[in-house]
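The values are calculated or read from the model by the stated rules, or taken from the named source; none is laboratory data. Everything numeric in this text was worked out from a predicted model, so none of it was measured. So basically every Cβ, Gly included, is an ideal-geometry build from the backbone, and we count neighbours across all protein chains shown. Calculation scope for accessible area: heavy atoms of the full protein, side chains included, ligands and nucleic acids excluded. Shrake-Rupley method; radii C 1.70, N 1.55, O 1.52, S 1.80 Å.
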Amino acid sequence: MYTTLISVDQLQALRASGQPHTVFDCSFLLTDPAAGEAMYAETHIAGAVYAHLDKHLSAAKDPVTGKPAPGSSASGGRHPLPARETFAAWLGSVGFDNTQQAVVYDRQGANYCGRLWWMLKWAGHENVAVLDGGLQAWQATGGAVESGPAPSRSASNYALAPEKTVLTAIDTVAKQVGKSTGPGGQTIIDARATPRFRGEVEPLDPVAGHIPGALNRPFNLNIGADGRFRPAVELRAEFDTLLGGRDPATVVHHCGSGVSAVPNIIAMEIAGLGRTALFAGSWSEWCSDPARPVAQG
């Protein structure tokens, strides 16, 4: 059972073993939502299913209002989580069921596949791991790839189970802003690039800045030059420094829209700091209400 990372060699062994599993390609670009599917069609791990951030891993939005239908989403923001039942139905439609090991990857430094890793935990599925190094690592060792459309797979049934991760709602975040100690304490970690965190630039959302009191840890700091997650001892030292004595159990992660925050969640788990919470609506939900406080600098 792989629950955080899986290496190329381990995936090769899993495939050879005949154990039930599904590999998901989550490649995507925020600036070009059609690019991920094109990348997948050009090259993907043989047999992999494509998971589209907007179509499969986010709630559908009304083309007129730009918002999900009432009751169809589990969070706000630019990439609102779909209802758990909707997500489970999609998993079943691509042949995934509760008996399988899930392996997720992308070719963007685990930026997008982390979303599916988190969502499967949220659906109650512990056996999901990120392919360390992504497609690049797989290809570097001669792993089998193919091109073209997704393979045809018989539908199955995925049964939701109790959540194995914590989804923090915006009201909870707002209530605890600035309270990092004591009962219900909260330590917010923002995974966006530092210029966005400081409010110097804002390419995607209408307001620049960050949630008051938040700490900044750009998600790409978790990935080494080889495209793999950095060693646990290094990650532990950096998170310990960032937290400055705060309890890791109080951490709530966010980013722009609940996607690139997940590599920080995975990194903390690799570092032995436990599984920490996600504010999936993130900055795009926070800044949608002008009454909420904004910090800069």
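Worth a mention:
- Scanning the range 91-112 for residues that are within 17 Å of the chain's Cα centre (by Cα) and more than 17 Å from Ala46 (Cβ to Cβ) turns up Leu91, Gln108, Gly109, Ala110, Asn111, Tyr112.
- Residue check, Leu57 modelled with pLDDT of 95 or more and under 16 Å from Trp117 (Cβ atoms): yes
- Taken over the range 153-176, the criterion of being open to solvent by 40 Å² or more (accessible area, probe 1.4 Å) and either touching a Cys at 6+ places or on another chain (Cβ under 8 Å) or part of a loop (DSSP other than H, G, I, E, B) (or both) is satisfied by Arg153, Ser154, Ala155, Ser156, Asn157, Ala159, Leu160, Pro162, Glu163, Lys164, Val166, Ala169.
- Taking the criterion of being without any contact (Cβ under 8 Å) to a residue 40 or more places away in the chain and crowded, with 20+ Cβ neighbours inside 10 Å, the residues of the range 203-243 that qualify are Leu235, Phe239.
- Selection from the range 52-74 of residues that are among the charged types (D, E, K, R) and either closer than 18 Å to Leu167 by Cα or within 20 Å of the chain's Cα centre (by Cα) (or both): Asp54, Lys55, Lys61
- Test: Pro80 is open to solvent by 60 Å² or more (accessible area, probe 1.4 Å) and either not aromatic (Phe, Trp, Tyr) or not in a loop (DSSP other than H, G, I, E, B) (or both): no
- Residues that are surrounded by 14 or more Cβ atoms within 10 Å (Cβ to Cβ) and small (Gly, Ala, Ser) were ranked within the range 134-152; the one that is farthest from the chain's Cα centre (by Cα) is Gly143.
- Yes/no for Ser75 being surrounded by fewer than 24 Cβ atoms within 10 Å (Cβ to Cβ) and in contact (Cβ under 8 Å) with a residue 40 or more places away in the chain: yes
- Cβ-Cβ distances below 9 Å connect the following pairs, each with a first residue in the range 134-155 that is within 15 Å of Arg15 (Cβ to Cβ), a second residue that is in a helix (DSSP H, G or I) and open to solvent by 80 Å² or more (accessible area, probe 1.4 Å), and a separation of six or more residues or different chains: Thr141/Asp9; Val145/Gln139.
- A search for C-beta distances below 9 Å between a residue of the range 35-49 that is closer than 17 Å to Leu14 by Cα and touching a residue at least 12 places away in the same chain (Cβ under 8 Å) and any residue that is open to solvent by less than 10 Å² (accessible area, probe 1.4 Å) and acidic (Asp, Glu), counting only pairs 6+ apart in sequence or on different chains, returns Ile45/Asp25; Ala48/Asp25; Val49/Asp25.
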